[in-house]
Amino acid sequence: MQNSKIKIVKTEILSDNWYTLNKITYEKSKRDGTIETQSREAYDRGNGAVILLYNKNTETVILTRQFRLPTYINGNSTGMLIEACAGLLDNDNPEECIKRETEEETGYQISQVEKIYEAYMSPGSVTEILHFFIAAYSEEMKTTDGGGLEEEGEDIEVLEIPFDDTLRMIDTGEIKDAKTIMLLQYLRIKDIM
């Protein structure tokens with residue numbers, strides 16, 4: 001249902017080089033009944049999906065490491081980020097997307113995934129909603145080395161890490177990616193590992 005207290009007045013495209021950055025002017029009816037005009041920028045990169053692969057027998061999880069420019073320009077001296085496998089939906093449904101991304105990035109071909117929730121990761125400036133999944137994996141599911149798609153410029157390192165180590169890596173700051181921390185904490189809270 002549309003919010004009757006918001007009226008979009010104007011949308012301007014500021015950039016559509018990589019994804020779309022819009023400047024949106026809108027009128028907002030405040031709680032006291034007054035109407036205020038505001039302008040905000042919103043980055044639209046589409047919606048995405050993320051997954052954490054876990055193995056109860058070996059007590060390990062599969063994560064990835066890759067260069068992330070925004071972290072580099074914001075103080076991460078190497079720009080490398082450890083994170084759960086993720087990708088944009090690209091008009092797929094979330095489950096099909098995450099299965100495809102899992103094989104491309106990690107080399108594991110999975111058939112069963114469990115959706116656990118959806119979340120906005122940066123709702124003050126980014127439109128993306130992220131669909132969160134978990135899935136059990138075994139060595140038999142490994143079909144390739146993974147690493148991402150070369151034509152998309154991906155150069156992804158696949159990491160198999162003991163689950164307890166990942167929790168320490170959050171504490172030490174080695175893992176700083178929000179979606180990954182949320183998934184690791186989910187496994188911990190739900191006593192899956």
For C85, C97, ascending order of other Cβ atoms within 10 Å (fewest first) is C97, C85
Bridge orientation stat for the chain from DSSP, antiparallel percent rounded to 5, came to 85
In whole Hz, the Karplus estimates of ³J(HN,Hα) for the range 138-155 (6.51, -1.76, 1.60; θ = phi - 60°; x where Gly or Pro) are 9, 4, 5, 7, 6, 10, 9, 7, x, x, x, 9, 4, 5, 9, x, 7, 9
Expected unfolding gain across K7-E154 under the 0.36 nm per residue rule, minus the alpha-carbon gap, is 48.9 nm
When F132, F67, F163 are ranked with the fewest other C-beta atoms within 10 Å first, the list becomes F67, F163, F132
Contour minus Cα-Cα span, T172 to T34, at 0.36 nm per residue, comes to 44.9 nm
Most exposed first, judged by fewest Cβ atoms within 10 angstrom, E101, E128, E160 run E160, E128, E101
In whole Hz, the Karplus estimates of ³J(HN,Hα) for the range 108-125 (6.51, -1.76, 1.60; θ = phi - 60°; x where Gly or Pro) are 8, 9, 10, 10, 10, 10, 10, 7, 10, 4, 10, 8, 7, 8, 8, x, x, 8
A student applying the Cα gyration tensor rule (rounded when a/c is under 1.5; otherwise prolate if a/b is larger than b/c, oblate if not) would label the range 111-174 rounded
Other residues with Cβ under 13 Å from the Cβ of E36 give, with Lys and Arg +1 and Asp and Glu -1, a net charge of +4
Around E114 (Cβ within 13 Å, Cβ-to-Cβ, excluding E114; K/R +1, D/E -1) the net charge comes to +2
Counting lysine pairs in the range 1-157 that sit 8 or more positions apart or on different chains, with Cα atoms under 27 Å apart, gives 15
Here the relative contact order (percent) of the chain, from C-alpha pairs under 8 Å and at least 6 apart, is 21
Summing +1 per Lys or Arg and -1 per Asp or Glu among the other residues with Cβ less than 13 Å from L63's Cβ gives -4
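Bear in mind these aren't lab numbers, they're just calculated from the coordinates by the rules spelled out. Treat the numbers as computed from the prediction; the structure is a model and nothing was measured. Reconstructed Cβ throughout: ideal geometry from the backbone, glycine too, with neighbour counts over all protein chains shown.
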